1. Which far-off residues, 5 or more places away or on another chain, put their amide H under 5 Å from the one on Leu24, with H placed in the peptide plane?
2. In nanometres, what is the gap between the two model label sites at Glu96 and Arg67, each 7 Å from Cα along Cα-to-Cβ?
3. Across segment 64-78, in residue order, what do the Karplus-derived ³J(HN,Hα) couplings come to in whole Hz, using 6.51 cos²θ - 1.76 cosθ + 1.60 with θ = phi - 60° and x for Gly and Pro?
4. In segment 137-162, whose amide N lies under 18 Å from the spot 7 Å out along Cα-to-Cβ of Ala121? List them in ranges.
5. What ranking do 164-174, 85-95 get when scored by the average of other Cβ atoms within 10 Å per residue, highest first?
6. Highest mean first, how do 130-136, 156-162 rank when packing is the count of other Cβ atoms within 10 Å averaged over residues?
7. Taking θ as phi - 60°, what are the ³J(HN,Hα) couplings along segment 109-122 by the Karplus curve (6.51, -1.76, 1.60), each to the nearest whole Hz, with x for Gly and Pro?
8. What is the order of Phe138, Phe60, fewest Cβ neighbours within 10 Å to most?
Amino acid sequence: MQDAPEPSISGPETGSSASPVHPLITRRRSLAKAVSWRVVGSLDTLLLSFLLITYLGPMFGLEHSPREAMGAASLIALTEVATKMVLYYLHERFWEWNRWGTELLGTRRRESYRRSTTKTATWRVLASLDTTLLAWLFTGSVATALSIGGLEVATKLVLYFFHERVWANIGYGIVAGAPAARVANDPLDARLSESAAS
């Protein structure tokens, strides 16, 4: 006999204001997502920055050798590893706090396409501003910085959406049950909780 699917537990799809048990998302999951996205995102920034500095830079009066272009692109990409790891982690924790568009299916949490799309848009605005500022800092050209930041909007919207959809199907770091289960199953969360208590 087939079990009936569980109703959505939050978001506009629910008609009830009941507060069912929501699976907890560990900090470890947020950190793993931040690292995996940073690898994808920094490689994209490195490639885009190099191509735009090399081929569009001369249009804006910036003449760079390929070596200089790679140096500037590398500085942008490496610096954003630090800035965006922090920004992404905070963005991820905010979206864990805001449970709109999620539902519990057994012991797994499912995110709606609307939630993934909204997370994609909010992250892209924040991240593109960061990249644009870094590109301006390292190239000295507002036009080049805007070109890098503008083009990455398109490439990273697509990459981030698929990154979110992949992670929506990974159960790592999702704990169904009470906060005690989270602490027992995630030593990182346990240490952080102990530190906060003291």
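Where a number appears in this text, it was derived from the coordinates with a stated rule and is not lab data. What you are looking at is a predicted structure, and each value in this text was computed from that prediction instead of being measured. With ideal geometry, Cβ positions are generated from the backbone for all residues, glycine too; neighbour counts draw on all protein chains shown.
1. Counting only residues 5 or more places away or on other chains, the set is Val175, Ala176, Gly177.
2. Distance between label points: 4.6 nm.
3. 10, 6, x, 5, 5, 5, 5, x, 5, 4, 5, 4, 4, 5, 6
4. It comes to 153-162, nothing else.
5. Numbers: 164-174: 14.5, 85-95: 16.9.
Peptide ranking by packing, descending: 85-95, 164-174.
6. Working: 130-136: 21.6, 156-162: 17.1.
For the peptides 130-136, 156-162, the packing ranking is 130-136, 156-162.
7. 9, 10, 9, 6, 5, 5, 5, 4, 5, 5, 4, 4, 5, 5
8. On the way: Phe138 21, Phe60 16.
Ordered from fewest to most neighbouring Cβ atoms within 10 Å, Phe138, Phe60 come out as Phe60, Phe138.
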